[in-house]
Amino acid sequence: MEDKIKIIEIDGVGFSFNANRAHERDGHVYCRQCGEQIDSEPLACLGSKKIIFSRNCRCDRETEAKRKEEEIANHIRRLKEECFATSRNLISYSFEKIIEPERQEVIIAKNFVKNFKELAKNNNGLIFHGNVGTGKTYLAACIANKIIEEYQIRVKMRNIPQIINDIEKRGFDIDKNEYYRLLCSVPLLILDDFGIERNTEYINEMVYQIINTRYEAKKPTIISTNIPLGVIMSGSNDIDKERIYSRIREMCIPVKIAGEDIRREIGKLKLNKTRELLLGER
Ligand SMILES: [Zn+2]
């Protein structure tokens with residue numbers, strides 16, 4: 001509908017309003033929809049002149065709140081799309097859909113989200129280990145989604161073959177470097193299915209560079225892997241693997257995904273502060 005501008009005089013000051021949206025009653029102007037008064041108190045302007053501003057009514061405030069909400073929702077959607085890239089189905093993974101929410105690894109994952117800022121400061125990440133098909137990817141994706149919703153920050157979840165593919169897709173070195181820098185600096189990186197990649201010098205070097213740069217920059221990393229935890233914890237004779245493992249040992253707290261008691265494993269770490277943050281024992 002076209003604006004129908006009307007001007008009235010209030011305390012000797014002209015006030016214009018859209019008559020389609022508001023109407024005059026007893027010398028003031030009110031919104032037709034919510035009934036709130038929209039003419040402000042006359043304000044002294046330059047010299048002896050006065051001016052009356054139009055103020056937002058409840059409808060305006062509600063429209064603005066809705067716009068902000070939509071903006072945040074769009075921002076979250078874009079962050080999630082960027083997080084999972086081609087694995088879009090992971091966007092739907094959420095804690096609310098987990099059938100046994102009382103399982104310890106689920107509690108830890110939720111506490112990781114809740115205390116993310118504090119854990120990130122200490123560079124505490126997680127390593128999800130356990131047999132194939134125990135839901136490691138599912139739980140990691142739940143964390144990614146929830147972190148994005150709660151903090152609206154960038155998260156990336158990739159496995160190493162996807163990273164190699166992403167890098168090779170970028171023809172120019174400058175684009176490759178940019179992508180690589182992003183992996184090293186994103187507030188949370190989730191390396192899914194660590195260990196499925198081919199064991200080559202090039203790949204080992206790349207993985208080490210990413211993990212080590214994040215280690216030095218104090219950026220937390222979550223790793224999910226089918227490699228038995230003992231192999232990572234006891235050290236490898238393979239020097240290329242061992243330098244990756246040693247960084248993982250320093251950064252990532254082991255969480256066994258199988259419903260078994262991991263309290264013991266975390267207890268052994270003697271990281272009291274971290275234990276409190278993850279198990280919720282305060
Ligand atoms: Zn209104």
For this session: Would you be able to say whether some residue in region 97-104 is more than 16 Å from the ligand (Cβ to nearest atom), of a type in the set (A, V, I, L, M, F, W, C), closer than 30 Å to G280 by Cα and at pLDDT below 95?
Result: yes
Problem set entry | All positions within region 54-76 that are under 16 Å from the mean Cα position of the chain (by Cα) and in contact (Cβ under 8 Å) with a residue 24 or more places away in the chain | I72, H75, I76
For this session: For residues that are away from the ligand (no atom under 11 Å from the Cβ), farther than 18 Å from D3 by Cα and open to solvent by less than 70 Å² (accessible area, probe 1.4 Å), tally how many sit in region 15-37.
Result: 2
Problem set entry | Hits in region 53-79 (condition: among the basic types (K, R), within 16 Å of the ligand (Cβ to nearest atom) and surrounded by 12 or more Cβ atoms within 10 Å (Cβ to Cβ)) | R55, R58, R61
For this session: Return the only residue of K68, K80 being assigned by TED's automatic domain parsing to the domain that holds L189 and within 30 Å of M157 (Cα to Cα).
Result: K80
Problem set entry | Residue satisfying all of: in region 232-245; of a type in the set (V, I, T) and over 15 Å from F128 (Cβ atoms); least open to solvent (accessible area, probe 1.4 Å) among these | I244
For this session: Go through region 38-52 and count every residue that is more than 8 Å from the ligand (Cβ to nearest atom), in a loop (DSSP other than H, G, I, E, B) and out of contact with any Phe, Trp or Tyr (no Cβ under 6 Å at 6 or more places or on another chain).
Result: 7
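The values are calculated or read from the model by the stated rules, or taken from the named source; none is laboratory data. Quick caveat: nothing in here was measured; it's all calculated off a predicted structure. Reconstructed Cβ throughout: ideal geometry from the backbone, glycine too, with neighbour counts over all protein chains shown. Heads up: the accessible areas ignore ligands, DNA and RNA and are worked out on the full protein's heavy atoms, side chains in. Shrake-Rupley method; radii C 1.70, N 1.55, O 1.52, S 1.80 Å.
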